[in-house]
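**Q** Okay, here's the structure, questions in a sec.
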Amino acid sequence: MEPKKILILSHKPPYPKLDGGSIAIAQVLEALLEQGHQVTFICMETDKHPSENTFKHKNLSYKSVYVDTRVKVFGALKNLFSKRSYILSRFDQNVFDKELRTILQSNSFDTVIFESLFTSSYLATVSELSTAKKIYRSHNVEYLIWEAQRDHSTNRFLKNYLRQQARRLKKEEMKFWNSIESIASISCSDSAHITKYCSATINTLNLYIENRHLEQTDSASKIDFFHLGAMDWLPNQEAIYWLLNEVWPELQKAENSAEIHIAGRGMPKNLISRKQSGYFNHQEVLNALEFISKHKVMLVPLFSGSGIRVKIIEGMAMEKCIISTSIGVEGIPCIDKKNILIANTKEEFIEAMKFCIQNPDQVNEIGKEAKKCALENFSKEVLTDQLKKLL
């Protein structure tokens, strides 16, 4: 393949690799550079996601633009009288559009990649100033996440607000799907869903296991449980509150020495100060992979979400036994009781956790099978081939 000039628009920096989104963005960027392409990368950076680009390459031009995308009460209320989704409108920033225009007016590109739906506001600018092929890298089916948040909300005002926002978001997301030439979805399940609603060419472009995952060894000395994830993401908050309120007290009655360890950035204050038997909150850890290595069984009680759970793939690569809901493992070709444990109810979670405590040898065996699954389905070679077909 002849080297191409590629422009990537991103709603967050790829570095540091703090969450699944940044890892997904960084992996595509690095793979394109390895293939010899010339890449111009422009991203938004915020107080929540500051840019720390320590990755240098002769074919990379990197630009980060500070924007304020914080959720503000006045802005959210004002949006009630708008037709736009507040979720997306926060990322429509004049300062970013100005920098993007400067880049497009000074360069010609073969391909423009939009990383996530939160860059969709800039399609008009790209179309005005470039004839490049336009590819949308879909990280999630965003409106499905907000519909689930709406369904799970018990606050009447919030439920009505989320209903309005989810409806607007769905309309804007589907419009973007049908305005783009090609879509690269992060999971097969998302690809199948998007196909129902648009005629664009749709491919799957997922993630791969990095060497840093394989270099870690299991240092857990006992069967304990852990959760690691961005705790400023609503589905993760919902998952942990459910786990601690509904599941953990019942498990403790049967297994009073059981331990659960929670970590992640953006940890809510009430989870940090929470006092509960066997519960340990580590807040944001310096080394996520080291944290995973030290604990035995990963818990992913996710009831809303889309895309693919990077932490599950990382855990599988590190031979961890994982207990997850069916939603949590969407896009991952795993098999219940072979290389993962699936639990969708309070009772199923309790039984799966009891099983792990009482059967440490089988926990180890499930972990070994998980690693095989991860290596077979999430190799760098797979992503490289997917990229070549996409471009």
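The values are calculated or read from the model by the stated rules, or taken from the named source; none is laboratory data. Just so you know, these numbers come straight off a predicted model, no measurement behind them. Cβ coordinates were reconstructed from backbone atoms using ideal geometry, including for glycine residues, and neighbour counts include every protein chain displayed. SASA here: full protein model, heavy atoms, side chains in, ligands and nucleic acids out. Shrake-Rupley method; radii C 1.70, N 1.55, O 1.52, S 1.80 Å.
**Q** Going highest first, how would you order 117-124, 159-166 by mean Cβ packing within 10 Å?
**A** Final packing ranking: 117-124, 159-166.
**Q** Over the stretch 263-345, with the other protein chains present, what is the accessible area per residue in square angstrom, probe 1.4 angstrom?
**A** For the stretch 263-345, the per-residue accessible area is 38 Å².
**Q** What distance in nm separates the simple spin-label points at Asn364 and Ala192, each placed 7 Å from Cα in the Cβ direction?
**A** Distance between the two pseudo-spin positions: 3.6 nm.
**Q** Averaging sequence separations of C-alpha pairs under 8 Å and six or more residues apart, then dividing by the length of the chain, give the relative contact order as a whole percent.
**A** Relative contact order for the chain comes out at 14 percent.
**Q** So, with a 1.4 angstrom probe, what is the percent of accessible area on the stretch 153-222 that is carbon and sulfur?
**A** 50 percent
**Q** On each of the three principal axes of the Cα atoms of the chain, give max minus min coordinate, whole Å, ordered largest first.
**A** 65, 49, 38
**Q** Rounded to the nearest 0.05, what FRET efficiency do Ser199 and Thr125 have when you use their Cβ-Cβ distance and R0 = 41 Å?
**A** About 0.95, to the nearest 0.05.
**Q** Using θ = phi - 60° and the Karplus curve 6.51 cos²θ - 1.76 cosθ + 1.60, what whole-Hz ³J(HN,Hα) does each residue of the stretch 8-18 get, with Gly and Pro shown as x?
**A** 10, 9, 9, 7, 8, x, x, 10, x, 7, 9
**Q** Continuing with this model, one more query. Counting alpha carbon pairs within less than 8 Å and at least 6 residues apart, what relative contact order, in whole percent, applies to the stretch 96-251? Numbers along the way, then the final one.
**A** On the way: 150 pairs, mean separation 26.7, N = 156.
This gives 17 percent for the stretch 96-251.
**Q** Could you run the Karplus curve 6.51 cos²θ - 1.76 cosθ + 1.60 with θ = phi - 60° over the stretch 206-216 and give me ³J(HN,Hα) per residue in whole Hz, x for Gly and Pro?
**A** Calculated HN-Hα couplings, in order: 9, 10, 9, 6, 8, 4, 5, 6, 6, 6, 6 Hz.
**Q** Quote the charge dipole size of the chain about the Cα centre in Debye, to the nearest 20; the model charges only the Cβ of Lys and Arg (+1) and of Asp and Glu (-1).
**A** About 1260 debye.
**Q** Along the charge dipole of the stretch 1-118, Cβ charges K/R +1 and D/E -1, which of Gly75, Phe55, Val39 sits furthest on the positive end?
**A** Gly75
**Q** Dipole size in debye (nearest 20) for the stretch 20-134 around its Cα centre, Lys and Arg Cβ +1, Asp and Glu Cβ -1?
**A** Values: 14 positive and 12 negative charges, 84 e Å.
Rounded to the nearest 20 debye, it is 400 debye.
**Q** Say the cut-off is 20 Å between C-alpha atoms; which of Lys4/Lys58; Lys269/Lys296; Lys275/Lys354 go over it?
**A** Over 20 Å apart, Cα to Cα: Lys269/Lys296; Lys275/Lys354.
**Q** Only bridges with both residues in the stretch 160-270 count here: give the DSSP antiparallel percent, nearest 5.
**A** Of the beta bridges lying entirely in the stretch 160-270, close to 0 percent run antiparallel.
**Q** So, by mean Cβ neighbours within 10 angstrom, what's the order for 333-344, 139-150, 63-74 with the highest one leading?
**A** 139-150, 333-344, 63-74
**Q** Using a Cα-Cα cut-off of under 18 Å, which lysines could be cross-linked to Lys63, ignoring same-chain neighbours fewer than 8 residues away?
**A** Output for Lys63: Lys5, Lys12, Lys17, Lys48, Lys98.
**Q** List the GluC sites (Glu not before Pro) within the stretch 176-283 that fall in a DSSP loop (any state other than H, G, I, E or B) and whose Cβ has at most 10 other Cβ atoms within 10 Å.
**A** Of the GluC sites (Glu not before Pro), the ones in loops of the stretch 176-283 whose Cβ has at most 10 other Cβ atoms within 10 Å are Glu215.
**Q** Still on this structure, I have one more. When you take every Cα atom in the stretch 270-391, what is the radius of gyration, and what is Dmax, the widest Cα pair distance, in Å?
**A** For the stretch 270-391, the Cα-based Rg and Dmax read 15.7, 53 Å.
**Q** Report the residues of the stretch 286-302 in range of a label on Glu348: point 7 Å along Cα→C-beta, backbone N strictly under 12 Å from it.
**A** Within reach of a label on Glu348, which here means backbone N under 12 Å from a point 7 Å along Cα→Cβ, the stretch 286-302 contributes 301-302.
**Q** Now for a different question. Leaving out ligands, DNA and RNA, what percent of the accessible area of the stretch 240-331 is carbon and sulfur, probe 1.4 Å?
**A** Here carbon and sulfur together make up 48 percent of the probe-accessible area.
**Q** Any idea how many Lys pairs in the stretch 124-259 come in under 15 angstrom at the alpha carbon, given 8 or more places apart or on separate chains?
**A** 4
**Q** Find the Rg to Rh ratio for the stretch 290-335, where Rh is the Kirkwood radius over alpha-carbon pairs and Rg uses the same atoms.
**A** Using only Cα positions, Rg/Rh for the stretch 290-335 is 0.94.
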